[in-house]
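Colleague: Below is a structure I'd like to ask you about.
Every number in this text was worked out from the coordinates using simple rules, so none of it is lab data. From a predicted model like this one, the values you see are computed outputs, not experimental measurements. Cβ coordinates were reconstructed from backbone atoms using ideal geometry, including for glycine residues, and neighbour counts include every protein chain displayed.
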Amino acid sequence: MKHLVIYAHPNPQSFNHAILETVVGRLEDQGNEVVVRDLYALNFEPVLSGNDFAAFQSGNTPNDIQTEQEHVKWADVITLIYPIWWTGLPAILKGYIDRVFAYGFAYAVNEQGGYEKLLAGKKAVVLNTIGHPEDYYEQIGMIGAMKQTTDNGIFDFVGIETLEHKFFGSVPSVDDNTRKQMLVDVEHIIARLFG
């Protein structure tokens, strides 16, 4: 299988990076093809500009967007790895979605005025870290709201089926053994889905 891993954390020493290494290692061990797009390392431009719109309308997709769209087209599975900041995606990842999942590439409007899901058939996995306990976020409705945003508002809208959306809570405050167990959980998820 062809896996595109989109990673959004600025600190290479972060627990998110440990998740990334675990995912990539396990996928490769299982014989999958893996491409990682580290948005901070790429210095990806997240701002959807007026120039982008003009380029789209003239049929000249900007090179950086075209590169990412080629990776998305290639992939069978798209995995997002990122921390939850202010109950949402880091700005660089939100900008990636804004620019790359563009009209005419990820979705379109048909003659009846309905939406066409142009990335149908692809699968997704979402792995998030959060600072609060997961139970707390569940109780206040944030887990459901965040799943609704990514799994339905982004992925389902363009035809991508979310296979798993996992939250790892209290990451900054738990001990190393707990974080190690979280990485074991990541391995189990990847093995269960793609083993």
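Colleague: Give me the residue from the stretch 1-30 that is among the polar types (S, T, N, Q) and farther than 17 Å from PRO172 by Cα and, out of that set, surrounded by the fewest Cβ atoms within 10 Å (Cβ to Cβ). Steps first, please.
Modeller: Keep residues of the stretch 1-30 that are among the polar types (S, T, N, Q), which gives 11, 13-14, 16, 22, 30.
Adding the requirement that they be farther than 17 Å from PRO172 by Cα leaves 22, 30.
Details: THR22: 20, GLN30: 14.
It comes out as GLN30.
Colleague: Now a separate question. Of the conditions (1) in a helix (DSSP H, G or I); (2) under 11 Å from HIS3 (Cα atoms), PHE56 fails just one. Which one is it?
Modeller: That leaves (2) as the condition not met.
Colleague: If you take the residues in the stretch 162-195 that are farther than 16 Å from ASN128 by Cα and out of contact with any Asp or Glu (no Cβ under 7 Å at 6 or more places or on another chain), which one is surrounded by the most Cβ atoms within 10 Å (Cβ to Cβ)?
Modeller: Here is the first cut: in the stretch 162-195, the residues farther than 16 Å from ASN128 by Cα are 175-177, 191-195.
The next check asks that each one be out of contact with any Asp or Glu (no Cβ under 7 Å at 6 or more places or on another chain); those that pass are 175-177, 191-192, 194-195.
Working: ASP175: 8, ASP176: 7, ASN177: 8, ALA191: 13, ARG192: 10, PHE194: 18, GLY195: 11.
Here the residue is PHE194.
Colleague: Next question, about the same structure. Just wondering, is there one or more residues in the stretch 110-120 that are under 30 Å from SER170 (Cβ atoms) and either touching a Phe, Trp or Tyr at 6+ places or on another chain (Cβ under 9 Å) or surrounded by 14 or more Cβ atoms within 10 Å (Cβ to Cβ) (or both)?
Modeller: Going through the stretch 110-120, the residues under 30 Å from SER170 (Cβ atoms) turn out to be none.
No: zero hits.
Colleague: Does GLU33 fit the bill of being of a type in the set (Asp, Glu) and within 23 Å of ALA106 (Cβ to Cβ)?
Modeller: Yes, satisfied.
Colleague: Here's a follow-up. Which is without any contact (Cβ under 8 Å) to a residue 60 or more places away in the chain and among the hydroxyl-bearing types (Ser, Thr, Tyr), of TYR96, TYR103?
Modeller: Values: TYR96 fails: without any contact (Cβ under 8 Å) to a residue 60 or more places away in the chain.
Unique residue meeting the criteria: TYR103.
Colleague: Moving to a separate point now. Applying the selection to the stretch 75-107, what residues are in contact with a strand residue (DSSP E or B) (Cβ under 6 Å, 6 or more places away or on another chain) and either within 23 Å of PHE194 (Cβ to Cβ) or not in a loop (DSSP other than H, G, I, E, B) (or both)?
Modeller: Those that are in contact with a strand residue (DSSP E or B) (Cβ under 6 Å, 6 or more places away or on another chain) and either within 23 Å of PHE194 (Cβ to Cβ) or not in a loop (DSSP other than H, G, I, E, B) (or both): ALA75, ASP76, VAL77, ILE78, THR79, LEU80, ILE81, PRO83, LEU93, TYR107.
Colleague: Moving on to the next point. Can you tell me which residues in the stretch 121-139 are polar (S, T, N, Q) and exposed (fewer than 14 other Cβ atoms within 10 Å of the Cβ)?
Modeller: Quick first cut of the stretch 121-139, residues polar (S, T, N, Q) only: 128-129, 139.
The one that is polar (S, T, N, Q) and exposed (fewer than 14 other Cβ atoms within 10 Å of the Cβ): GLN139.
Colleague: Follow-up question, since we're still on this one. Name the pairs whose Cβ atoms lie under 8 Å apart, with the first residue in the stretch 32-46 and in contact (Cβ under 8 Å) with a residue 60 or more places away in the chain, the second part of a loop (DSSP other than H, G, I, E, B) and surrounded by fewer than 18 Cβ atoms within 10 Å (Cβ to Cβ), and 6 or more positions between them or separate chains?
Modeller: Filtered contacts from the stretch 32-46: ASN32/MET1.
Colleague: Then there's this: Limited to the stretch 159-181, what total is found for residues that are part of a helix (DSSP H, G or I) and either within 30 Å of TYR107 (Cβ to Cβ) or out of contact with any helix residue (DSSP H, G or I) (no Cβ under 8 Å at 6 or more places or on another chain) (or both)? Even if it seems obvious, please write down each step before you answer.
Modeller: Step one: list which residues in the stretch 159-181 are part of a helix (DSSP H, G or I), which gives 176-181.
Still in the list and also either within 30 Å of TYR107 (Cβ to Cβ) or out of contact with any helix residue (DSSP H, G or I) (no Cβ under 8 Å at 6 or more places or on another chain) (or both): 176-178, 180-181.
Within the stretch 159-181, residues that are part of a helix (DSSP H, G or I) and either within 30 Å of TYR107 (Cβ to Cβ) or out of contact with any helix residue (DSSP H, G or I) (no Cβ under 8 Å at 6 or more places or on another chain) (or both) number 5.
Colleague: Continuing with this model, one more query. Can you name every residue in the stretch 109-148 that is within 30 Å of TRP74 (Cα to Cα), in contact (Cβ under 8 Å) with a residue 12 or more places away in the chain and small (Gly, Ala, Ser)?
Modeller: Correct list: ALA120, GLY121, ALA124, ALA145.
Colleague: Residues that are surrounded by fewer than 19 Cβ atoms within 10 Å (Cβ to Cβ), under 19 Å from the mean Cα position of the chain (by Cα), not in a helix (DSSP H, G or I) and not β-branched (Val, Ile, Thr): does the stretch 145-158 have at least one?
Modeller: no
Colleague: A further question follows. Out of all the residues in the stretch 31-51, is one or more more than 19 Å from ILE190 (Cα to Cα) and assigned to a helix (DSSP H, G or I)?
Modeller: Applying the first criterion (more than 19 Å from ILE190 (Cα to Cα)) to the stretch 31-51 yields 38-51.
Remaining after also requiring assigned to a helix (DSSP H, G or I): 50-51.
Looking for residues that are more than 19 Å from ILE190 (Cα to Cα) and assigned to a helix (DSSP H, G or I), one finds at least one in the stretch 31-51, hence yes.
Colleague: Still on this structure, I have one more. Across the stretch 15-49, which residue is farthest from the chain's Cα centre (by Cα) among those that are of a type in the set (D, E, K, R) and more than 24 Å from ARG99 (Cβ to Cβ)? Can you show your working first?
Modeller: Keep residues of the stretch 15-49 that are of a type in the set (D, E, K, R), which gives 21, 26, 28-29, 33, 37-38, 45.
Now restrict to residues that are more than 24 Å from ARG99 (Cβ to Cβ): 21, 26, 28-29, 33.
On the way: GLU21: 15, ARG26: 18, GLU28: 19, ASP29: 21, GLU33: 17 Å.
Ranking the qualifying residues of the stretch 15-49, first place goes to ASP29.
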